[in-house]
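Colleague: What follows is a structure written as structure tokens; I'll ask about it next.
Read the figures in this text as sums done on the coordinates, not as results from a lab. In this text, all values refer to a predicted model and were calculated from it rather than measured experimentally. Reconstructed Cβ throughout: ideal geometry from the backbone, glycine too, with neighbour counts over all protein chains shown.
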Amino acid sequence: MQVEDVQSLAREIAARMAPDALLDAEDVAAILKCTAKYVTSQYAITPGFPGAIRLTGPGDRRSKPRWKRSDIMAWIDSHQGGRSKRGGRPRNAD
């Protein structure tokens, strides 16, 4: 590997680790340990999942969806409790 390749890779890694970095579906999938298709078809439509950012490029073409790293990490933190210990549907508090 050339020095330029290593430096380029280091810049790319640093950019993706910044809290305000914009992550694509592949980056989010790597964090969530799933596929990019699952991110866009399942997680992205889940209520409470961070909204995607779509930038306008040349010729008014919209980019693929991107998410702020800090929003994704906050969403993950909010779901760390996981399922309740008992499972099943919640009971009425009557």
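Colleague: Of everything in segment 15-28, what is assigned to a helix (DSSP H, G or I) and surrounded by 10 or more Cβ atoms within 10 Å (Cβ to Cβ)? Give them in sequence order. Don't jump to the end; show me each part of the working.
Modeller: Within segment 15-28, the subset assigned to a helix (DSSP H, G or I) is 15-17, 25-28.
Matches in segment 15-28: Ala15, Arg16, Ala25, Glu26, Asp27, Val28.
Matching residues to (1) over 13 Å from Ile72 (Cβ atoms); (2) surrounded by 10 or more Cβ atoms within 10 Å (Cβ to Cβ); (3) among the hydrophobic types (A, V, I, L, M, F, W, C):
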site: Ile13; (1), (2), (3): yes, no, yes
site: Ala30; (1), (2), (3): no, yes, yes
site: Ala36; (1), (2), (3): yes, yes, yes
site: Ile45; (1), (2), (3): yes, no, yes
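Colleague: Could you please find all residues in segment 63-80 being touching a strand residue (DSSP E or B) at 6+ places or on another chain (Cβ under 6 Å) and either farther than 13 Å from Pro19 by Cβ or part of a strand (DSSP E or B) (or both)?
Modeller: Of the residues in segment 63-80, the ones touching a strand residue (DSSP E or B) at 6+ places or on another chain (Cβ under 6 Å) are 66-67, 69.
Arg66, Trp67 - these are the residues of segment 63-80 that are touching a strand residue (DSSP E or B) at 6+ places or on another chain (Cβ under 6 Å) and either farther than 13 Å from Pro19 by Cβ or part of a strand (DSSP E or B) (or both).
Colleague: Do we find that Gly48 is on the phi > 0 side of the Ramachandran plot and out of contact with any Gly (no Cβ under 6 Å at 6 or more places or on another chain) in this structure? Before you say what the answer is, go through the steps one by one.
Modeller: Values: on the phi > 0 side of the Ramachandran plot: yes; out of contact with any Gly (no Cβ under 6 Å at 6 or more places or on another chain): yes.
So Gly48 passes the test.
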